1. Report, by residue number, each residue of segment 217-233 that is under 14 Å from Val25 (Cβ atoms) and without any contact (Cβ under 8 Å) to a residue 24 or more places away in the chain.
2. Output the number of residues of segment 91-132 satisfying the condition of being touching a helix residue (DSSP H, G or I) at 6+ places or on another chain (Cβ under 8 Å), modelled with pLDDT under 70 and not hydroxyl-bearing (Ser, Thr, Tyr).
3. Taking only pairs six or more apart or across chains, which ones have beta-carbon atoms under 8 Å, a first residue in segment 84-107 that is on the phi < 0 side of the Ramachandran plot, and a second residue that is surrounded by 19 or more Cβ atoms within 10 Å (Cβ to Cβ) and of a type in the set (Asp, Glu)?
4. Which numbered condition in (1) at pLDDT below 90; (2) surrounded by fewer than 18 Cβ atoms within 10 Å (Cβ to Cβ); (3) closer than 18 Å to Thr195 by Cβ is the only one that Pro136 fails?
5. Based on this model, can you work out whether Ser223 counts as among the hydroxyl-bearing types (Ser, Thr, Tyr), crowded, with 17+ Cβ neighbours inside 10 Å and over 26 Å from Ile42 (Cα atoms)?
6. Test of understanding: among Cys90, Cys81, which residue is buried (at least 21 other Cβ atoms within 10 Å of the Cβ), over 18 Å from the mean Cα position of the chain (by Cα) and more than 30 Å from Glu257 (Cβ to Cβ)?
7. With the requirement that a residue be part of a helix (DSSP H, G or I), small (Gly, Ala, Ser) and either within 10 Å of the chain's Cα centre (by Cα) or surrounded by fewer than 24 Cβ atoms within 10 Å (Cβ to Cβ) (or both), what does segment 29-66 give you?
8. Filter segment 177-206 down to the residues that are among the β-branched types (Val, Ile, Thr) and buried (at least 17 other Cβ atoms within 10 Å of the Cβ), then identify the one that is farthest from Ile42 (Cα to Cα).
Amino acid sequence: MNAIEEDRCKELRDLSIVNLIVSIVIVIGMLVSYLPQHARIIKRRTSEGISPYFVLLGTTSATSAFANILLLPKSRQDVACCKELETFHCIAGLLGIAQLGVQWICFTFIFVLFLVFFRYGSDDDAEIEELDDHQPRWQTALLVASLTLLHGLAVIVITGVLSAVAKESLPTWANILGVMAALLAAVQYIPQIWTTYHLKHVGSLSIPMMCIQTPGGFVFAASLFARLGWGGWSSWGIFLMTATMQGVLLYLAIYYEIQAHSTDIPKPPSPDNTPLLPSDGHHSEYGTNRG
């Protein structure tokens with residue numbers, strides 16, 4: 001173990017309780033934040049309202065981000081230090097990696113649910129015709145699935161080859177993955193914003209998920225910045241951009257939900273339209289039969 005790795009291991013031994021608590025809260029919060037989205041798709045049994053390109057960009061961005069942090073020199077030093085550290089300090093040191101791992105798993109599950117509950121064909125032709133203008137075709141779903149799987153396979157293959165024959169190129173590849181993840185995250189919410197804007201309702205998109213993730217994204221970016229510094233810009237920059245775009249989508253979603261509820265509220269009867277006589281047609285003592 002060289003001097004740099006020894007210094008890094010010493011940093012992990014001098015554990016900051018505050019950073020540890022924040023990291024644990026972020027991991028748990030990230031997991032909990034995705035549960036409303038998973039539950040909403042399963043409950044509605046449709047992925048209607050969720051853009052396939054949002055799913056594609058989100059999954060590939062999460063894959064690139066997870067691979068990026070795994071390959072960063074500081075993360076590899078953290079993994080190497082686990083040989084010298086106690087189990088508690090090792091787990092604490094790897095929480096930053098765990099955060100992105102949880103995010104990748106949760107978004108990949110959205111990808112799976114999107115494909116499982118996609119309307120490939122149904123007997124409810126009338127309902128499909130109503131959504132026809134904005135409902136993506138089954139070919140689009142298959143394209144999204146294919147591109148997502150090809151991207152994941154390419155990341156694995158390239159990483160494996162470089163690890164075997166050109167380890168000195170791994171930091172460069174990590175930065176390429178970070179830039180890729182940042183670019184994908186920067187445009188990830190554009191197709192979903194467009195879809196929600198044209199549908200004028202949220203569909204299977206979860207507002208509670210966005211309410212948790214939008215402020216959480218800024219906190220997560222700050223946590224990664226505190227751990228990785230300016231050198232980890234390719235990691236924490238992803239979440240800074242994502243949180244900003246998600247805030248725009250959250251605004252649209254809440255606006256359309258409020259608008260939908262306001263139109264569903266029955267209007268009280270107008271005093272001018274209130275009948276003066278009983279509905280059965282009998283006259284009261286103050287009616288026309290009076291003396």
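1. Scanning segment 217-233 gives a single hit, Ala222.
2. We begin by selecting, within segment 91-132, every residue touching a helix residue (DSSP H, G or I) at 6+ places or on another chain (Cβ under 8 Å); these are 92-104, 106-111, 113-115, 117-122.
With modelled with pLDDT under 70 added as a condition, the list becomes 121-122.
Now narrow it down to the ones that are not hydroxyl-bearing (Ser, Thr, Tyr): 121.
Of the residues in segment 91-132, 1 are touching a helix residue (DSSP H, G or I) at 6+ places or on another chain (Cβ under 8 Å), modelled with pLDDT under 70 and not hydroxyl-bearing (Ser, Thr, Tyr).
3. Here the result reads Gly93/Asp78; Leu94/Asp78; Gly96/Asp78; Ile97/Asp78, each pair linking segment 84-107 to a residue that is surrounded by 19 or more Cβ atoms within 10 Å (Cβ to Cβ) and of a type in the set (Asp, Glu).
4. All conditions pass for Pro136, except number (2).
5. Yes, satisfied.
6. On the way: Cys90 fails: buried (at least 21 other Cβ atoms within 10 Å of the Cβ).
Only one candidate passes the filter, namely Cys81.
7. The initial filter retains those residues of segment 29-66 that are part of a helix (DSSP H, G or I), namely 29-44, 52-66.
Next cut, small (Gly, Ala, Ser) only: 29, 33, 39, 58, 61-62, 64-65.
Across segment 29-66, the qualifying residues are Gly29, Ser33, Ala39, Gly58, Ala62.
8. Taking segment 177-206 first, the residues among the β-branched types (Val, Ile, Thr) are 179, 187, 190, 193, 195-196, 202.
Applying the additional criterion that residues be buried (at least 17 other Cβ atoms within 10 Å of the Cβ) yields 193, 195-196, 202.
Values: Ile193: 22, Thr195: 20, Thr196: 19, Val202: 15 Å.
Selected residue: Ile193.
The values are calculated or read from the model by the stated rules, or taken from the named source; none is laboratory data. This one's a predicted model, so the numbers in the text were calculated from it and none came from an experiment. Don't worry about glycine lacking a Cβ; one is built from the backbone with ideal geometry, like all the others, and counts go over all protein chains shown.
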